[in-house]
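Take this structure, written in structure tokens, and hold onto it; I'll ask about it next.
The values are calculated or read from the model by the stated rules, or taken from the named source; none is laboratory data. It should be emphasised that the depicted structure is a prediction, and the values quoted were computed from it without experimental measurement. Every residue, glycine as well, gets a Cβ built from its backbone with ideal geometry; the counts of neighbours run over all protein chains shown. Protein only, heavy atoms only, side chains kept; ligands, DNA and RNA dropped before computing areas. Shrake-Rupley method; radii C 1.70, N 1.55, O 1.52, S 1.80 Å.
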Amino acid sequence: MPLTSDPFNVIAIGLAAAVFTEALAWAFVYRTSSYRRLKEELERTCRKLEAIKQGSSGGVVAASSKAALKGNKKEKRIEDNMKSSSKEMSAARFKANIFTMVTMAVVYKLVISKWDGVAMGRLPFSPPALLQNITHRGLMGNDATDCSAMFVFATSFAFFKQNVSKALGFNLSRAATRALTANNPMANMDAAAKKYA
Amino acid sequence: MADADQPKNLAFYIGKIRQRDAASWEKDDLQDVLYWFRQVVGIVFGLVWGFAGITGFLGFMSFVISSCMLTMAAYKSVLGIDEEDYGGHADLIQEGLPGSIGSFLLTWTLAYTAMHS
């Protein structure tokens, strides 16, 4: 099949949806003084904690057990602050993610309804069965190398959303992201469930 | 002026890259540069793989391997980075890979369709 303008229209829609999503998140979450304060606090706490951990792993031995105990208490206090901040941050970012989910659901419906049954292109690989739910969504026939509008939209939306967010500085630092992942309530629930099983 | 005090814009990163192995990098800044490098590599390789008619799972794996090798070449040869200072190769090589896979698949598909369908 020849390459038409359809996939480029879908890519443009993916870009517009990503920018719109980030704009909403910025307007309702990232711009607020409470979020900015929370972000600054979390970043500062993570930096302090990493500095302490690097200092202790670098072989610096406390002059006395009293100093070591004081150091451990400080580290524990900072860690507790970080856990508390990261829980609040998770809640704030979940609010921002709601815009992503709603926008993606609405735009996806529009894309699928407009390009239902239209193959955007030919995949240069035969996708595994799980991926065919995306690559062959809404298409007729059994040719697994036909590429649906959903695949084009999903990949372009994910690509633009991630990169627009990073370029505009909306992402957290890697240290803060690690803290969020480590203190994820879902992860903690899973660990607790295993403990009491 | 310490890196932490400078605004992290394009001019900052280009200035550091031009210094090559004379520059010292914060790990986060280095990973950011490698991330954006990886996104561009994903798009360029997708176009090249598509126009060249490379297909199949081997085509995909050759992209992953080439992308990793090119990233390593970039930070070892161009930036003069000693990976031991940054916790080894793992963090640096995998930076930006998941995102670049998506853009690679899309550009690979469109370029392949344009040339071979």
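Would you call B:Ser100 of a type in the set (Ser, Thr, Tyr) and touching a Phe, Trp or Tyr at 6+ places or on another chain (Cβ under 7 Å)?
no
Something else now. Restricting attention to segment B:33-40, does a residue exist that is surrounded by fewer than 16 Cβ atoms within 10 Å (Cβ to Cβ) and in contact with a helix residue (DSSP H, G or I) (Cβ under 7 Å, 6 or more places away or on another chain)?
The answer is no, given that none of the residues of segment B:33-40 is surrounded by fewer than 16 Cβ atoms within 10 Å (Cβ to Cβ) and in contact with a helix residue (DSSP H, G or I) (Cβ under 7 Å, 6 or more places away or on another chain).
Still on this structure: Criterion first (open to solvent by 70 Å² or more (accessible area, probe 1.4 Å) and of a type in the set (S, T, N, Q)) does A:Asn163 satisfy it?
Answer is no for this residue.
Which residue pairs have Cβ atoms closer than 7 Å, lie 6 or more positions apart in sequence or on different chains, and pair a first residue in segment B:8-37 that is more than 12 Å from chain A (Cβ to nearest Cβ) and over 19 Å from B:Glu95 (Cα atoms) with a second residue that is open to solvent by 20 Å² or more (accessible area, probe 1.4 Å) and of a type in the set (Val, Ile, Thr)?
Pairs that qualify, where the first residue is more than 12 Å from chain A (Cβ to nearest Cβ) and over 19 Å from B:Glu95 (Cα atoms) and the partner is open to solvent by 20 Å² or more (accessible area, probe 1.4 Å) and of a type in the set (Val, Ile, Thr), are B:Arg20/B:Val78.
What number of residues within segment B:42-67 satisfy the criterion of being over 17 Å from A:Leu123 (Cα atoms) and either modelled with pLDDT under 95 or within 11 Å of chain A (Cβ to nearest Cβ) (or both)?
The number of residues fulfilling the criteria is 0.
Could you list, in sequence order, the residues of segment A:24-55 that are surrounded by fewer than 16 Cβ atoms within 10 Å (Cβ to Cβ) and either aromatic (Phe, Trp, Tyr) or not in a helix (DSSP H, G or I) (or both)?
A:Phe28, A:Arg31, A:Thr32
If you take the residues of segment B:72-98 that are open to solvent by 30 Å² or more (accessible area, probe 1.4 Å) and of a type in the set (Val, Ile, Thr), which of them is nearest to B:Ile14 (Cα to Cα)?
The residue in question is B:Val78.
Can we say A:Asn163 is part of a helix (DSSP H, G or I), touching a helix residue (DSSP H, G or I) at 6+ places or on another chain (Cβ under 7 Å) and within 14 Å of chain B (Cβ to nearest Cβ)?
yes
Next question, about the same structure. Looking only at segment B:14-49, count every residue that is within 17 Å of A:Phe159 (Cβ to Cβ) and not in a helix (DSSP H, G or I) and tell me the total.
So the count comes out to 0.
Restricting attention to segment A:2-55, report how many residues are of a type in the set (Ser, Thr, Tyr) and closer than 30 Å to A:Lys73 by Cα.
Number satisfying all stated conditions: 3.
Quick check on my filter: what residues within segment B:52-71 are open to solvent by less than 40 Å² (accessible area, probe 1.4 Å) and either among the β-branched types (Val, Ile, Thr) or not in a helix (DSSP H, G or I) (or both)?
Listed by number, the residues that qualify are B:Gly53, B:Val64, B:Thr71.
Follow-up question, since we're still on this one. Could you list all residues from segment B:72-117 that are part of a helix (DSSP H, G or I), among the hydrophobic types (A, V, I, L, M, F, W, C) and more than 10 Å from chain A (Cβ to nearest Cβ)?
Answer for segment B:72-117, where residues must be part of a helix (DSSP H, G or I), among the hydrophobic types (A, V, I, L, M, F, W, C) and more than 10 Å from chain A (Cβ to nearest Cβ): B:Met72, B:Ala73, B:Ala74, B:Val78, B:Ala90, B:Leu92, B:Ile93, B:Leu97.
So, in segment A:50-83, exactly how many residues are within 17 Å of A:Ala182 (Cα to Cα) and modelled with pLDDT under 85?
Residues flagged as within 17 Å of A:Ala182 (Cα to Cα) and modelled with pLDDT under 85 within segment A:50-83 amount to 3.
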